[in-house]
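Worksheet: one structure, shown below.
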Amino acid sequence: MEFTAKARYMRVSPQKARLVLDLIKGQRVEQALNTLAFTNKRIAPVVHKLLRSAIENANYLSTEKGVDVDVDRLYVKRAVANEGPRLKRIRPAPMGRAYRYQRRMAHLEIAVAEKPGMVKAEGGEKAAPAKKPARKPLLKRAAKKATAKKASAKKK
């Protein structure tokens, strides 16, 4: 099951937000929070707050709604920064002209989910990894055909 949190209309360009979001994709929640705490970008505290919100959404469903969720096994499944609306602005330019520029906004979305490779532990035991299915052998690629050599014509 997936638990999401969204932050819309954030005043940061999506490109800059993706730099921070790419740091935490696929990480365990605890490690992602530590990464965000020490990231020196202006959007990092906002992403940290958004990730905490996604964790609390999972915690709420596990306590109130009866969904079986182990918060310690959560990881960042998806972290996306989509483009929001743009603010069109004008900057004064020499000789009475005006330059137009755009202030960008981003819609951030983070989804956390439980790690699928772990089996739930009973009691105080440690969780054991689930068995992986056996891999199929790789098929060998067909050898490239050798190019035929041109036969030289003999003169008599």
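Bear in mind these aren't lab numbers, they're just calculated from the coordinates by the rules spelled out. What you see is a predicted model; the values in this text were computed from it and never measured. Reconstructed Cβ throughout: ideal geometry from the backbone, glycine too, with neighbour counts over all protein chains shown.
The table below lists the values:
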{"read-out": "Among (1) touching a residue at least 60 places away in the same chain (Cβ under 8 Å); (2) surrounded by fewer than 17 Cβ atoms within 10 Å (Cβ to Cβ), the one test that Ala17 misses", "value": "(2)"}
{"read-out": "Positions within the stretch 7-55 being under 24 Å from Asp72 (Cβ atoms), more than 13 Å from the chain's Cα centre (by Cα) and outside any helix (DSSP H, G or I), in sequence order", "value": "Phe38, Thr39"}
{"read-out": "Filter result for Thr39 (hydroxyl-bearing (Ser, Thr, Tyr) and either within 23 Å of Met10 (Cβ to Cβ) or touching a strand residue (DSSP E or B) at 6+ places or on another chain (Cβ under 8 Å) (or both))", "value": "yes"}
{"read-out": "Those residues of the stretch 79-96 which are assigned to a strand (DSSP E or B) and without any contact (Cβ under 8 Å) to a residue 60 or more places away in the chain, in sequence order", "value": "Ala79, Val80, Leu87, Lys88, Arg89, Ile90, Arg91, Pro92"}
{"read-out": "One residue from Tyr99, Tyr75, Tyr60 being closer than 19 Å to Met1 by Cβ, of a type in the set (Ser, Thr, Tyr) and part of a strand (DSSP E or B)", "value": "Tyr75"}
{"read-out": "The listed residue being among the charged types (D, E, K, R), buried (at least 17 other Cβ atoms within 10 Å of the Cβ), out of contact with any Phe, Trp or Tyr (no Cβ under 8 Å at 6 or more places or on another chain) and closer than 14 Å to Ala111 by Cβ, out of Lys77, Lys6, Lys25", "value": "Lys77"}
